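Notes follow the structure.
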Amino acid sequence: MKAKAAKSKTASKAAKTVKPGTVVEVKVAQLRHGEGLPLPAYQTEGSAGLDLLAAIDETMPWILQPRDRTAVPTGLTLELPPGTEAQVRPRSGLAWKHGITVLNSPGTIDSDYRGEVQVILINLGSEPFMIRRGERIAQLVIAPVTRATLAATLVLSQTKRGAGGFGSTGTSTIAEEKPKSKKAKKKKSVPLKRAAGERGSKPMRRSTSRRAP
């Protein structure tokens with residue numbers, strides 16, 4: 001029991017040492033159907049994700065029909081450092097142009113997982129989408145993990161928001177003010193001034209009587 005506890009403390013300590021912006025080493029092993037494909041790589045200096053490639057048969061492209069989903073193999077297995085995870089995220093170009101996205105976005109790969117990395121794609125577009133070998137289908141983001149210790153309690157601290165959720169804070173960023181109700185003021189009638197030299201005349205009244213047929 002002491003050995004397990006010590007190991008747990010060591011893993012927890014390692015998790016705390018990984019900070020955002022730290023460059024970590026991730027071990028990668030390619031499976032047989034992934035051989036010949038380049039390893040995931042950052043496309044630009046400022047890219048956050050490594051592009052994942054489809055490791056399918058070159059002679060048999062996959063057709064993903066609208067509203068269908070499938071798990072696309074990448075031919076990769078990873079060994080992530082303790083205190084990190086790998087997140088599988090959609091590619092914005094595929095999402096915008098074809099409606100192709102990662103169904104469980106972001107997919108989580110734990111540091112102790114040693115199976116093949118597969119990408120669950122779904123076609124939310126209106127046209128069939130063809131997946132070819134070597135096509136960049138998703139991106140992989142390596143991120144630090146914060147582990148928590150849960151403390152059971154009967155009372156939680158009070159906040160202004162409280163239990164409000166599901167849109168309780170509103171949707172507009174502009175503060176909406178309720179219009180103040182003002183009592184309608186009676187307008188004072190202003191007598192018209194007669195022009196110089198104008199003859200006085202009595203105002204005409206509308207007749208209420210009807211002409212006989």
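The values are calculated or read from the model by the stated rules, or taken from the named source; none is laboratory data. Predicted model, so just to flag it, every value in this text is computed and none were measured. A quick note on method: Cβ atoms are made from the backbone with ideal geometry, for glycine too, and the neighbour counts reach across all protein chains shown. Areas reflect the complete protein model, heavy atoms only, side chains present, ligands, DNA and RNA absent. Shrake-Rupley method; radii C 1.70, N 1.55, O 1.52, S 1.80 Å.
If I filter the stretch 99-109 for residues that are open to solvent by 50 Å² or more (accessible area, probe 1.4 Å) and of a type in the set (Val, Ile, Thr), do I get at least one hit?
Yes, the stretch 99-109 has at least one match.
Being at pLDDT below 75, under 31 Å from the mean Cα position of the chain (by Cα), among the basic types (Lys, Arg) and in a helix (DSSP H, G or I) narrows it down to one residue among Lys7, Lys16; which is it?
The match here is Lys16.
Taking the stretch 110-127, which residues are polar (S, T, N, Q) and surrounded by fewer than 16 Cβ atoms within 10 Å (Cβ to Cβ)?
Across the stretch 110-127, the qualifying residue is only Ser126.
Just for the stretch 128-147: of the residues that are closer than 20 Å to Arg67 by Cβ and in a strand (DSSP E or B), which one is most open to solvent (accessible area, probe 1.4 Å)?
Of everything passing the filter in the stretch 128-147, Met130 is most open to solvent (accessible area, probe 1.4 Å).
Is there a residue in the stretch 151-160 that is under 24 Å from the mean Cα position of the chain (by Cα) and either part of a loop (DSSP other than H, G, I, E, B) or surrounded by fewer than 10 Cβ atoms within 10 Å (Cβ to Cβ) (or both)?
Within the stretch 151-160 (the criterion being under 24 Å from the mean Cα position of the chain (by Cα) and either part of a loop (DSSP other than H, G, I, E, B) or surrounded by fewer than 10 Cβ atoms within 10 Å (Cβ to Cβ) (or both)), the answer is no, since none of the residues qualifies.
Taking the stretch 36-69 only, how many residues are more than 24 Å from the chain's Cα centre (by Cα) and assigned to a loop (DSSP other than H, G, I, E, B)?
Number satisfying all stated conditions: 11.
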